[in-house]
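> Have a look at this one before I ask anything.
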Amino acid sequence: MQAIAIWMANNTPRSKSSQFSCATLVSGMVTWGSYTYSSMEMSQLRRQVAVLRQSLFDQGYLDEQFVQLEELEDNDNPNFVEEVVTLFFRDSARLIVNIEQALECSPLDFNKLDNNMHQFKGSASSIGAKKVKNESTQFREYCRAENGEGCKMSFQQVKKEYVALRKKLETYFQLVRQAGPEETASRPARN
Amino acid sequence: MPRVLAYRRHPRRPNRRLRGSKAFSRDVIVEEAGNLLQLRNRITALVVDNSISIQLYHTALLSRFGVDNRAVENGQQVVDLYCNGASFDLILMDNFMPVVNGRQATRTLRAMGVRSMIVGVSSVFREDERQEFIDAGLDDFQEKPLTCAKLIHILRELESSLSF
């Protein structure tokens, strides 16, 4: 048992966050960061992650593009999906502000609104943000029709979906980080 | 005003109309990527996009296929790179960017005589947006999001043109 513990400590892939860099198997318990879980709890966490992930697809928050991102995650890129998603929310905050400011101008510059939303939609679709993408398309329809009121109303919807998705994904990634990488705890504890 | 060369139909590459591919299930993605596309040549690519998340995603996708790549933020930076003597086999060009957008950059590069494969990667709303971008001198156009399958298609086209 001790030999396994030492081997694990030496061979666990180090993730970026140092608090999760040690895992030891001690008589059926897994120490992950500052928490100690039984292997049953670990698989429960992992189950929770899977359930939460599936619900994001079922409820239409995410589409197949998110799977494309997950495909690019591996040992060299262990937090790839979280990185891309975080960067999206950081990038697009600027576009949201641009649009908000542009909507307060009179008369409305539909070209500017459309350009900003075009960029926003491209980035949103690339992370698989389904509802956000659909609302963005709606916004562009109103821009094209030069319907100012429609734009303002539609933008509120875009922001609503954007904020909701951000919250959901924050929860999801927190849970993913708690559950840890697959390889480590999938090895059953042997006495 | 420099004379713009005829480049829309590359002499070796037919001008194919692009169809977006449907989303693939995870197994198919893994299989396609696994089968590979064994690239015969060392290919270099440049990602041109204002959004950092897109840059990260597209460069990771390219790296997955063993393509040497880098990213820049706007059309002006691409033109500067080429003016300084850099060259890439493939350019993935977004359209709406600050300073110099994709259409302008593509036009400028073609006017400079650049023969790299330029693929427009942008979100589309109207058909005329797409056509205007293609008319600026693209070899190909793919609607965002860029998937594994779309990139495989692009790389295959590129490989076949490079083998002539």
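The values are calculated or read from the model by the stated rules, or taken from the named source; none is laboratory data. As the structure is a computational prediction, the values presented were derived from the model and not from experiment. No Cβ is skipped: glycine too gets one built from the backbone with ideal geometry, and neighbour counts run over all protein chains shown.
> Quick check on B:Leu62: is it within 12 Å of another protein chain (Cβ to nearest Cβ), in contact (Cβ under 8 Å) with a residue 40 or more places away in the chain, farther than 24 Å from A:Thr137 by Cα and surrounded by 19 or more Cβ atoms within 10 Å (Cβ to Cβ)?
Criteria met by B:Leu62.
This table checks each residue for (1) under 20 Å from B:Leu151 (Cβ atoms); (2) in contact with a helix residue (DSSP H, G or I) (Cβ under 6 Å, 6 or more places away or on another chain).
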| residue | (1), (2) |
| --- | --- |
| B:Arg42 | yes, no |
| B:Tyr57 | yes, yes |
| B:Gly66 | yes, no |
| B:Asn69 | yes, yes |
| B:Glu73 | no, no |
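> Oh, and also: When you go through (1) within 12 Å of chain A (Cβ to nearest Cβ); (2) polar (S, T, N, Q); (3) part of a strand (DSSP E or B) one by one for B:Asn50, which number turns out not to apply?
That leaves (3) as the condition not met.
> Here's something else I'd like to know. Quick check, is A:Ser123 surrounded by 15 or more Cβ atoms within 10 Å (Cβ to Cβ) and under 23 Å from A:Gln54 (Cα atoms)?
yes
> Give the range A:41-87 a look and list any residue that's surrounded by fewer than 19 Cβ atoms within 10 Å (Cβ to Cβ), more than 8 Å from chain B (Cβ to nearest Cβ) and aromatic (Phe, Trp, Tyr), or say none.
A:Phe57
> While we're looking at this one, here's another question. Quick check on the range B:102-125: of everything there that is of a type outside the set (A, V, I, L, M, F, W, C) and buried (at least 22 other Cβ atoms within 10 Å of the Cβ), which residue is modelled with the lowest pLDDT?
Applying the filter and picking the extreme gives B:Ser123.
> From B:Leu92, B:Leu162, which residue is in contact (Cβ under 8 Å) with a residue 12 or more places away in the chain and away from every other protein chain (no Cβ under 14 Å)?
B:Leu162
> Residue check, B:Ile134 against (1) touching a helix residue (DSSP H, G or I) at 6+ places or on another chain (Cβ under 8 Å); (2) in a helix (DSSP H, G or I); (3) β-branched (Val, Ile, Thr), all met but one. Which one?
For B:Ile134, the exception is condition (1).
> Do we have any residue at all in the range B:126-141 that's surrounded by fewer than 23 Cβ atoms within 10 Å (Cβ to Cβ), away from chain A (no Cβ under 14 Å) and polar (S, T, N, Q)?
The answer is yes, given that some residue of the range B:126-141 is surrounded by fewer than 23 Cβ atoms within 10 Å (Cβ to Cβ), away from chain A (no Cβ under 14 Å) and polar (S, T, N, Q).
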